[in-house]
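**Q** Dumping the structure here so I can ask a few things about it.
The values are calculated or read from the model by the stated rules, or taken from the named source; none is laboratory data. In this text, all values refer to a predicted model and were calculated from it rather than measured experimentally. Using ideal geometry, Cβ is built from the backbone for each residue, glycine included, and neighbour counts are taken over all protein chains shown. Surface areas here come from the heavy atoms of the whole protein model, side chains and all, with no ligands, DNA or RNA. Shrake-Rupley method; radii C 1.70, N 1.55, O 1.52, S 1.80 Å.
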Amino acid sequence: MSDITIPVGARELPGYLAVPEGEGPWPGVVIVFEAMGANADMRAQADRFAAEGYLAVLPDLYNGAPWVRCVAKAMRDMRAQRGAAYDHIEATRAWLAGRADCTGDVGVCGFCMGGGFALVAAAKYDFKAAAANYGILPRRPEESLRGACPIVGSYGGADPTLRGAAARLERALTRAGVEHDVKEYPGTGHGFLTGLTPPAPLGPVAKIVFGLGRGRENAADGWARIFAFFGEHLAKKSTT
């Protein structure tokens, strides 16, 4: 596990790389963080993927700047389906796929804001599988998701900010002919798959606005679905 730099054109983007134990090559996964950036919780998700046999990289889309200065711009990029954040995601995918210890097959897993990026990136770039966890749906989802790689999506039924999102995503992916597994967990709020803890001033507000902290007992099922889905759609380690 190490801090790295990822080439993006003539510049470099900081990131965090988690490498499985043993010998590769391994399939890769790009982790796209939630709104608060490349924090310890998001690094832990890269470590989680590495423990399951994936070469995982968490690019810092905020380029080292505080999240409060960058989140609004990142959200605009996400909703516009273009911009620097998408360029960084694609540069990370290409860098990871080109590594000697990667099979060349790469998935993307996003949380919250990152889940919105992951949905668009599933159709926009050459990912082999995508996990969108409580991600905002793109405008005109059926159109935006046409041609996407297989997608696994997880949502909480007690997340007030994403009411009905799972059902809308299910319909859009079915109509677009995209292989998928979408599940909404009843009584579950935002951020249930990870140890997300907002900064102290935001904690009480997050519980009300996002239902944060509810349904974390469903995390095990959510992760089992993600790893089963990625295991099916990403190439396994070469044995030759």
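**Q** Between GLU34 and residues 5 or more places away or on another chain, which pairs have amide H atoms under 5 Å apart, with H built 1.01 Å from N, and which residues are they?
**A** PHE111, GLY114
**Q** Moving to a separate point now. Report the rotationally averaged projected area of the chain based on its alpha-carbon convex hull, in square nanometres.
**A** 12.1 nm²
**Q** While we're looking at this one, here's another question. Is there a quick way to get the dipole size of the chain? I mean about its Cα centre, with the Cβ of Lys and Arg at +1 and of Asp and Glu at -1; what is the value in debye to the nearest 20?
**A** 840 debye
**Q** Given a 1.4 angstrom probe, what's the average accessible area per residue across the chain, in square angstrom?
**A** Per residue, the chain has an accessible area of 43 Å².
**Q** Something else: When the Kirkwood radius is taken over all Cα pairs of region 35-143, what Stokes-Einstein diffusion coefficient follows at 37 °C and 0.692 mPa s, in µm²/s?
**A** 232 µm²/s
**Q** Across region 53-59, in residue order, what do the Karplus-derived ³J(HN,Hα) couplings come to in whole Hz, using 6.51 cos²θ - 1.76 cosθ + 1.60 with θ = phi - 60° and x for Gly and Pro?
**A** In residue order, the calculated couplings are x, 10, 7, 10, 10, 10, x Hz.
**Q** Now, a different point. Quick check: the distance between the Cα centres of region 1-67 and region 87-116, to the nearest angstrom?
**A** Distance between centres, Cα-based: 9 Å.
**Q** Could you order the peptides 71-84, 51-64, 116-129 from most to least packed, using the average number of other C-beta atoms within 10 Å per residue?
**A** Peptide ranking by packing, descending: 116-129, 51-64, 71-84.
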